[in-house]
Every structure is written in C-alpha cells, then in structure tokens.
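None of the figures in this text is laboratory data; all of them are computed from the coordinates on show. Here the structure is a predicted model, which means the values were calculated and not measured. Note: ideal-geometry Cβ built from the backbone for every residue, glycine included; neighbour counts use all protein chains shown.
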Amino acid sequence: MAAAVQSSTNLFRRLAWSATVPLHIRLADAGGPVDHYFIQAPRYTYLALLLPTIREHLVELVLDDDALARTSESEWWFELDATDSPFGSDAVRWHWPLDLVDLCACMLRPASATESGPEPLRLILHLTGAPADKLAVPPTLEAVKTHFVSQVKEADFVRWGNTRRVTGLRRTDLEAGWDGVATGDYDLHQRMAGRIVPLPIPSSPPTSPQPDRDRDKVDSAYAARSLPIKVYLPDGAAAIQAPVAPLTDGRPTTLLQYLEATLPLLFENGYRAAQPIAQGILLPPDADVAWLAACMASADGWLRIGIRLVAE
Amino acid sequence: MSAVDVPPPAIPAATLAALDKYKAGHKDTKVVVLFKSIGSAPIMKNNVFKISANNKFHTVSAFLRKQLGLKAADPLFTYINGAFAPTPDDVVGNLYDCFQTGERLIVNYSNTQAWG
C-alpha cells in the first residue's frame with residue numbers, strides 16, 4: 001500500500017514542482033524602450049533567487065553606469081500590478097514563494113464568465129524606497145533561506161506537535177531542502193521533503209497517538225494531528241491559519257467541508273461566491289485536504305490556498 | 001489593454017460584506033503571551049502579557065525589545081514553543097490558535113540563535 005501511494009504521490013509532487021508562472025516585470029518610473037522583461041519561472045522559487053537574472057536582463061539594460069553604481073538591491077521591491085482590479089495593490093514580500101505572489105495577483109481579479117484565460121503575473125519593480133517594515137524579510141538569500149527553514153519547522157510542528165522529524169534530519173538532508181529550490185533540483189529537495197512531508201496513506205489507523213519508538217513506520221497525512229494550511233483572502237486581509245483536522249467523524253475532511261467551516265459566508269453555496277486556488281489551479285470541492293497537503297504543498301511543506309471571489 | 005472598454009466585473013454586495021467580516025479577523029480578541037528567556041537573555045520580572053490577537057508578530061518582537069530595553073542593533077531571536085521562529089507578519093491570533101499551550105502562547109527569546 002505505502003509503495004503504491006509513494007509512487008502516485010511522487011507523480012503529483014513532481015507535477016506541482018514542474019508548474020511555472022509566466023512573469024511580466026515592468027520597471028517603475030522608466031519610459032525607455034526596454035523597460036519590460038518577461039520570464040518563465042517555477043512556482044516553488046523565490047523572487048530573491050531571480051534577482052541576478054532580472055538585474056542582468058532588465059535593470060542593467062535600462063540604467064546608465066552611474067545609476068547602476070548607485071542602485072542597491074536592498075532598496076528594491078516588487079509591487080503587484082493592480083490595474084483593472086477592484087482592490088488596491090500591495091508590496092510583494094521577499095519571503096513569499098512565487099506561487100503565493102501569483103496567488104495574490106490572481107485574487108486581485110474576481111472570476112467572471114467573460115475572462116479571457118490565464119494572464120502573466122504582472123509585477124512592477126521599484127529600485128528605491130523599499131517599505132522595510134512591511135517587507136519584514138530583506139531580499140538576501142540568507143534571510144529568505146532562514147525563513148524557509150523556519151516554515152519547514154513550523155509545518156512539522158503543526159503536523160505532529162513537535163519538530164523532531166526536522167531536527168532529526170541529517171544536516172545535509174535539511175540543507176538539501178533549500179538547495180533543491182535554489183538549483184531547481186526536485187530529487188535534491190525530496191531528500192528533505194520526502195523524509196518529513198507525510199504520504200496520503202488512507203488505510204492508516206486514525207488519530208491513535210504514535211509512540212516515538214514507531215518512528216520507522218511511514219507517517220500518513222491522515223494520521224497527522226493537523227495539516228499545515230494557510231488560506232489567503234483578497235484586499236489585504238491577514239492570512240487564515242488554524243488547526244485543520246485531516247479526518248472529520250472518521251472520514252477524510254474534504255476541501256469544501258473545510259472551507260464551509262472556515263469561511264461559511266463565502267462557501268455556503270459551494271463555489272458560487274468564491275473559488276479556492278492552489279498552485280495556479282481551481283481545486284475540486286471533494287478533494288481530501290490531507291491529500292492536497294501531501295501532494296500540492298509549497299516547497300516548505302505549506303499548502304497555500306487563495307480565495308478568489310466570483311463576479312456577478 | 002482591451003480593444004473595447006468593458007467595466008471590470010462587479011462583485012456581489014453579499015460577497016463583499018462576507019469579505020469585510022473575514023478581514024476583521026480576530027478583532028476585539030486578546031491572547032495571553034508568556035515570554036521565556038533562553039540562555040543568557042535577560043529575565044523579565046513580569047513575563048505574562050495580554051496582546052491583541054490581530055497584531056502581527058513583529059509587534060510582539062518590538063514590545064519585547066522595549067521591555068528588555070534593547071537597542072535596535074541588539075540581536076533578538078524569538079521562537080514559539082521552543083521549536084521554530086515565527087514570521088514577522090504572522091498574526092498573533094493564528095499562532096495562538098495553532099500553538100497555544102494551556103491557553104497561553106509561549107514565546108522564547110534569546111540574544112543568540114537557539115533553534116535556527
């Protein structure tokens with residue numbers, strides 16, 4: 001059973017890892033002929049990892065040598081382009097995975113019958129005036145990596161009430177988690193993630209506490225005490241993060257059950273008022289949340305769901 | 001830019017009202033935070049405080065710095081349940097809902113990195 005689940009889980013994790021976002025970056029306050037840059041980037045990556053490319057192919061082409069010598073990446077920041085949105089724009093946080101940046105952009109525009117299909121993620125790059133207190137994490141790889149590892153640990157604590165699975169990793173396996181993201185290497189990343197993100201093994205006995213001596217047993221996402229899920233709403237609302245039980249009355253908790261319980265006013269009529277998006281796709285209402293958390297999580301182990309409102 | 005100017009699709013009033021309600025988050029709720037020092041970090045005389053649940057965690061760090069009389073350049077590392085470092089923009093009420101022990105959110109603090 002575990003082997004079959006392992007192989008199907010790997011397939012879906014690999015699919016999520018292969019998902020990309022088309023980016024359209026515009027330089028703020030620049031009127032030259034080359035102030036736009038297009039790039040296709042993986043969803044699991046971070047903007048800080050893309051800065052060298054963006055610097056070379058956009059900023060260095062636009063600025064003259066003096067301006068280039070004066071600019072400092074610590075002052076740079078990205079803003080979501082909120083043109084045509086009923087909501088205001090926002091500064092992109094450096095510790096957000098690109099998937100979350102895209103999720104925020106997606107939530108800016110309500111779903112409607114007249115929409116013309118997927119659009120690139122439009123960002124505005126500002127070279128001065130970074131709102132430091134809002135950004136919280138500076139655009140250095142060291143800071144983003146530290147944050148990534150903290151998120152990995154927090155997700156583990158959510159699942160099991162301790163971080164022993166992470167702290168028990170060999171140093172090289174823990175490092176492989178971030179290194180896999182930085183180098184775009186799925187197998188390297190799995191040396192960490194494959195050891196700590198549990199498989200969605202349905203037959204696992206529910207809720208019985210697992211004593212520590214059973215550590216060799218394969219963990220099931222359905223046996224976790226809670227699932228690491230963050231739900232995002234548009235218009236500057238704070239993220240929602242609360243305990244999520246993988247099972248309800250002994251049966252797998254479905255996504256719609258979870259959404260009805262968490263956001264009843266938006267999901268009392270199914271998806272008519274709002275739609276849940278993760279990894280760039282609309283999630284089916286009958287999906288098990290434990291399966292989604294095991295197969296569609298970000299590289300740090302968190303499942304990030306964005307709520308897109310539906311227009312009339 | 002579309003060829004024909006179409007007004008952006010409107011969101012139903014009931015949906016916007018629901019969004020406003022959820023945007024209020026943990027409004028008017030306070031949670032109990034217990035600060036615990038690690039290593040050589042100074043110990044606080046009073047280490048239990050009620051903090052608004054809608055605050056971001058960086059507000060808690062700033063409050064803690066003030067209580068400890070730290071300068072902006074002094075290092076301060078914070079952890080939840082002695083296990084992981086929260087993000088500065090985590091909402092205190094969310095951390096409480098997920099990680100409280102005995103109806104208190106335990107925040108460990110240190111002047112050196114403790115659990116990275």
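Straight-line reach from A:Lys134: which lysines have Cα under 16 Å away, leaving out those fewer than 8 places along the same chain?
Straight-line reach from A:Lys134, under 16 Å: B:Lys56.
Whole Å is fine, so just give me how far the alpha carbon centre of the stretch A:88-162 lies from that of the stretch B:36-102.
23 Å
Is the protein assembly as shown best put as rounded, prolate or oblate by its Cα gyration tensor, with a ≥ b ≥ c the root eigenvalues, rounded for a/c under 1.5, and otherwise prolate when a/b is larger than b/c, oblate when not? Kindly include the intermediate steps, with their values, before the conclusion.
Numbers: a/c = 1.37, a/b = 1.15, b/c = 1.19.
The shape class here is rounded.
Can you tell me the FRET efficiency between B:Lys27 and A:Leu141 if r is taken as the Cβ-Cβ distance and R0 is 35 Å, rounded to the nearest 0.05?
Values: r = 37 Å, r/R0 = 1.06.
After rounding, the FRET efficiency stands at 0.40.
Provide B:Ile43, A:Ile196 in ascending order of the number of other Cβ atoms located within 10 Å of each residue's Cβ, fewest first.
Working: B:Ile43 9, A:Ile196 23.
If I rank by nearby Cβ atoms, fewest first, I get B:Ile43, A:Ile196.
Quick one: which of A:Lys145/B:Lys23; B:Lys36/B:Lys66; A:Lys145/B:Lys21 span more than 27 angstrom between C-alpha atoms?
Violating the 27 Å Cα-Cα cut-off are A:Lys145/B:Lys23; A:Lys145/B:Lys21.
Express the relative contact order of the stretch A:232-312 as a whole percentage, based on alpha carbon pairs under 8 Å and six or more residues apart in sequence. Provide the component values of the computation, followed by the final result.
Numbers: 91 pairs, mean separation 27.7, N = 81.
Averaging sequence separation for qualifying contacts and normalising by length gives 34 percent for the stretch A:232-312.
Picking from B:Gly69, B:Gly93, B:Thr15, whose Cα lies most toward the positive end of the charge dipole for the stretch B:1-94 (charges on Cβ: Lys, Arg +1; Asp, Glu -1)?
Result: B:Gly69, furthest along the dipole toward the positive end.
I'd like the orientation of helix B:57-68 relative to chain B: the angle between its Cα long axis and the longest Cα principal axis, in ° from 0 to 90, rounded to 10.
On a 0 to 90 degree scale, this one is about 30.
Modelling each spin label as a point 7 Å along the Cα-to-Cβ direction, I'd like the A:Asp133/B:Glu103 distance in nm, to one decimal.
So the label points at A:Asp133 and B:Glu103 sit 3.3 nm apart.
With only Lys, Arg, Asp and Glu charged, each at its Cβ (+1 for the first two, -1 for the last two), find how big the charge dipole of the protein assembly as shown is about the Cα centre; round to the nearest 20 debye.
Details: 40 positive and 46 negative charges, 385 e Å.
For this selection, approximately 1860 debye.
Given a cut-off of under 8 Å on Cα pairs at least six residues apart, what relative contact order in percent is computed for chain A?
On the way: 524 pairs, mean separation 62.6, N = 312.
Dividing the mean separation by the residue count of chain A yields 20 percent.
For B:Ala85, what charge total do you get from the other residues with a beta carbon under 15 Å from its beta carbon, if Lys and Arg give +1 and Asp and Glu give -1?
Details: positive: A:Lys145, A:Lys153, B:Lys36, B:Lys56; negative: A:Glu142, A:Glu154, A:Asp156, A:Asp300, B:Asp89, B:Asp90.
Value of the local net charge: -2.
Could you work out how far apart the two model spin labels at A:Thr20 and A:Ser116 are, taking each label as a point 7 Å from the Cα in the direction of the beta carbon, and quote it in nm?
2.3 nm
Given 0.36 nm per residue, what is the gain on full extension from A:Arg171 to A:Ala242 after removing their alpha carbon distance, in nm? Working shown, then result.
On the way: separation 71, 0.36 × 71 = 25.56 nm, distance 3.00 nm.
Stretched fully, the A:Arg171-A:Ala242 segment lengthens by 22.6 nm.
What is the fewest-to-most order of A:Trp291, A:Trp77 by other Cβ atoms lying within 10 Å of their Cβ? Kindly include the intermediate steps, with their values, before the conclusion.
Details: A:Trp291 21, A:Trp77 24.
With the sparsest Cβ surroundings first, the list reads A:Trp291, A:Trp77.
Treating the beta-carbon of each Lys and Arg as +1 and of each Asp and Glu as -1, no other charges, what is the dipole magnitude of the stretch A:56-179 about its Cα centre, to the nearest 20 debye? Don't jump to the answer; show the numbers that get you there.
Details: 12 positive and 22 negative charges, 197 e Å.
In total the dipole reaches around 940 debye.
I need the calculated FRET efficiency for the pair B:Lys50 and A:Glu60, taking r as the beta carbon distance and R₀ as 45 Å, to the nearest 0.05. Mind dumping the intermediate values first?
Values: r = 52 Å, r/R0 = 1.15.
E between B:Lys50 and A:Glu60, to the nearest 0.05, is 0.30.
Roughly how crowded by other chains is peptide A:234-244, in terms of the mean Cβ count from those chains within 10 Å of each of its Cβ atoms? Could the numbers behind the result be given before it?
Values: counts 3, 5, 1, 6, 12, 6, 6, 7, 5, 3, 1.
Mean shielding by partner chains, rounded to a whole number: 5.
For A:Met296, A:Met1, A:Met107, which order do you get if you count the other beta carbons within 10 Å of each Cβ and list the fewest first?
Ranking A:Met296, A:Met1, A:Met107 by Cβ neighbours within 10 Å, fewest first, gives A:Met1, A:Met296, A:Met107.
Quantify how much of the Cα-Cα distance distribution of the stretch A:20-139 extends past 16 Å, in percent.
Working: 4367 of 7140 pairs.
Percentage above 16 Å: 61.
When DSSP assigns beta bridges and you keep just the ones with both residues in chain A, what percent turn out antiparallel, to the nearest 5?
Values: 23 of 34 bridges.
Around 70 percent of the beta bridges assigned by DSSP in chain A are antiparallel ones.
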